[in-house]
Amino acid sequence: MSTSCYWLLRHENRLLTIDDPTGVTAFPFGLPHELDNPTDALLIGEWQGAPCYAADIDTLPAGLNAELTPVRALFGLAGAEAFALAGRATQLLDWQRNHRFCGRCGTPTHMAAGERVMTCSACGLVAYPRISPAVMVLIRRGEELLLARSPHFAPGVFSALAGFVEAGETLEQCAAREVREEVGIEITNLRYFHSQSWPFPNSLMLAFFADYAGGEITPEPSEIEAADWFLPSALPLLPAPLSIARQLIDAACIQGSGRDHA
């Protein structure tokens, strides 16, 4: 590698970040030897017009004026593009670290040339980066939106319902099941919004709108500590603006406002 690159260097599940001259949180930039030659580096894309590599490191590079930042913190510090890059790096580094040996026969694996896949030379098993699809559903009843909070949310924050897709299940089946299991109501008229990669640990969030079809809110205590209907004019604390949950809720409020003035 003969040109300087950006580096997402992970140490103890945190990334090295610096403050660039514009005051924006960014990633270290330089040649490999200037950063103590990180091993097993993965090319993950570009950042500010330059190649960007990711690697796990055991010790911090000497003389580098940087700090360790949790990936979640980058969500608010560095913007959507940096967060997406950090999320991709985290997921690929986890994949590389967790598939060093074949899950079938235990033989050390190697990365295939020209493809992002770990391969076993003994039995031929391949391991691609894992992606876990999860469905998020925002339900409308008239002008009201159903929001809930999980015990692991920040204090006071409510959001849309969400859950992982199970094996053999469609997205539509998952949406209906998760809503029924978490709050005990039925939905109809499911409509796709958009998606977001969410690296905690390897989720792909697929967000939907839905309409209320019946039932009374009955929170599942192990997953939901509170749930209720809210008017757009009286919403509780919401997730951060960069999250797909917040974008979904904001879009629903705009749609509702549009109907009010139709």
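The values are calculated or read from the model by the stated rules, or taken from the named source; none is laboratory data. Predicted, not measured: the structure shown is a model, and the values here were computed from it. No Cβ is skipped: glycine too gets one built from the backbone with ideal geometry, and neighbour counts run over all protein chains shown.
Identify, from the list Arg72, Arg149, the residue that is touching a residue at least 60 places away in the same chain (Cβ under 8 Å), surrounded by fewer than 17 Cβ atoms within 10 Å (Cβ to Cβ) and basic (Lys, Arg). Within the list Arg72, Arg149, the selection yields Arg72. For the stretch 224-262, the set of residues classified as surrounded by 14 or more Cβ atoms within 10 Å (Cβ to Cβ), at pLDDT below 95 and touching a Gly at 6+ places or on another chain (Cβ under 8 Å) consists of Leu242 only. Restricting the stretch 182-210 to residues that are free of Cβ contacts under 8 Å to residues at least 40 places away in the same chain and not in a loop (DSSP other than H, G, I, E, B), the residue that is nearest to Leu242 (Cα to Cα) is Tyr192. With respect to the conditions (1) surrounded by 15 or more Cβ atoms within 10 Å (Cβ to Cβ); (2) free of Cβ contacts under 8 Å to residues at least 12 places away in the same chain; (3) of a type in the set (A, V, I, L, M), Val179 falls short on a single one, namely (2).
Criterion first (over 29 Å from Gly76 (Cβ atoms), surrounded by fewer than 20 Cβ atoms within 10 Å (Cβ to Cβ), out of contact with any Leu (no Cβ under 9 Å at 6 or more places or on another chain) and of a type in the set (Asp, Glu)) does Glu143 satisfy it? In short, no.
Here Ala113 meets each of (1) of a type outside the set (S, T, N, Q); (2) exposed (fewer than 13 other Cβ atoms within 10 Å of the Cβ); (3) not in a loop (DSSP other than H, G, I, E, B) with one exception, condition (3).
Residues that are out of contact with any strand residue (DSSP E or B) (no Cβ under 9 Å at 6 or more places or on another chain) and among the charged types (D, E, K, R) were ranked within the stretch 177-222; the one that is farthest from Ala84 (Cα to Cα) is Glu216.
Residue-wise test of (1) at pLDDT 95 or above; (2) assigned by TED's automatic domain parsing to the domain that holds Leu235.
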site: Thr109; (1), (2): yes, no
site: Gly114; (1), (2): no, no
site: Met118; (1), (2): yes, no
site: Ala122; (1), (2): yes, no
site: Leu171; (1), (2): yes, yes
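Table: residues versus (1) closer than 24 Å to Arg246 by Cβ; (2) assigned to a loop (DSSP other than H, G, I, E, B); (3) in contact with a Gly (Cβ under 6 Å, 6 or more places away or on another chain).
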{"position": "Ala89", "(1), (2), (3)": "yes, no, no"}
{"position": "Pro133", "(1), (2), (3)": "yes, no, no"}
{"position": "Pro155", "(1), (2), (3)": "yes, yes, no"}
{"position": "Gly163", "(1), (2), (3)": "yes, no, no"}
{"position": "Gln173", "(1), (2), (3)": "no, no, no"}
